[in-house]
1. Could you state the angle between the C-alpha long axis of helix 26-38 and the longest principal axis of the C-alpha atoms of the chain, as a value from 0 to 90 degrees rounded to the nearest 10?
2. Which percentage, to the nearest 5, of the DSSP beta bridges contained in the chain is antiparallel?
3. Looking only at V158, V208, V59, which one moves most when the chain is put into a Gaussian network model with springs between Cα atoms under 10 Å?
4. Rounded to the nearest 10 degrees, what's the angle between the helix 129-144 long axis and the longest principal axis of the chain, both from Cα atoms, 0 to 90?
5. For the chain, set up a GNM with springs between Cα atoms under 10 Å and report which of T115, T154, T172 has the largest fluctuation.
6. Which value in deg cm²/dmol, rounded to the nearest 500, describes the helix-derived mean residue ellipticity at 222 nm for the chain, given -39,500 (n - 2.57) per DSSP H run of n ≥ 4 and division by the residue count?
7. If the only charges are +1 at each Lys and Arg Cβ and -1 at each Asp and Glu Cβ, what is the size of the charge dipole of the chain around the Cα centre, to the nearest 20 debye?
8. Counting each pair of different Cα atoms once, what's the Kirkwood radius of the stretch 25-156 in Å, rounded to one decimal?
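Throughout, read-outs are computed from the coordinates displayed, never taken from laboratory work. What you are looking at is a predicted structure, and each value in this text was computed from that prediction instead of being measured. Every residue, glycine as well, gets a Cβ built from its backbone with ideal geometry; the counts of neighbours run over all protein chains shown.
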Amino acid sequence: MPRTEPASAAAPRNDPEPPRDCPLCPRLVAYRAANRADHPDWWNGPAPSFGDPGARLLVVGLAPGRTGANRTGRPFTGDFAGVLLYETLLKTGFARGHYAARPDDGLTLVDCMITNAVRCAPPGNKPETAEEAACRPFLAARIAALPRLRVIVTLGDVARRNVLRALGLKATAGGAGHGAQIAAAPYALINSYHCSRLNTNTGRLTPVMFEAVFEEARRLLGATG
Ligand code: SF4
């Protein structure tokens, strides 16, 4: 069954979640319309953030994959990257239940929320600079709306530079390597290589490397209380 379409008006720019028919990126709106025409049973809208509204950990990805969150409506759900992400969150205590690659699998996040720097699926998983800028107010609002947030894990360069800019910092601030940390009071940022199929298949990112990022997040949360 196609999902119900909510109101199409644009959200206020301090809203952490864009409206289902957000009109701000013409290229992505056209892509959304094409996907709706081809697959009316898919979500085909901005992927809502998922997780605990009282989270102290925020995980920021790039953008919904066409057949992942764009299809299922839950970040990282239904595509390759989600398998490693949710398995790692389960292993490190930031998730509870069982990940079955569908939004009704009962999985819940614990002290953790997942969002994307760009909320709509871009062709080829590559958002344009203007699209990152258009969506950044939603990311800034998402961060601001988490009252207990302390640690932000960024998955890949697009997530890292948009979080930095959303926090009023230069996109080049801090280190860019896997595991690099940036202090952005009141938050600590940890960079991670993206858990994409390309990075894991080439060995650029291993499950051990990925788990270490979330163990470090856990350590930092323990330190901040
Ligand atoms: S990417 Fe963000 S700003 Fe652009 S149309 Fe989608 S929700 Fe709106």
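1. 70
2. Working: 8 of 22 bridges.
About 35 percent, rounded to the nearest 5.
3. V208
4. 60
5. Largest GNM mean-square fluctuation: T172.
6. Details: 7 runs with 78 residues, N = 225.
Taking each H run of at least 4 residues, the total per residue is -10500 deg cm²/dmol.
7. On the way: 27 positive and 19 negative charges, 73 e Å.
With Lys and Arg at +1 and Asp and Glu at -1, about 360 debye.
8. Numbers: mean 1/r = 0.0673 Å⁻¹.
The answer is 14.9 Å.
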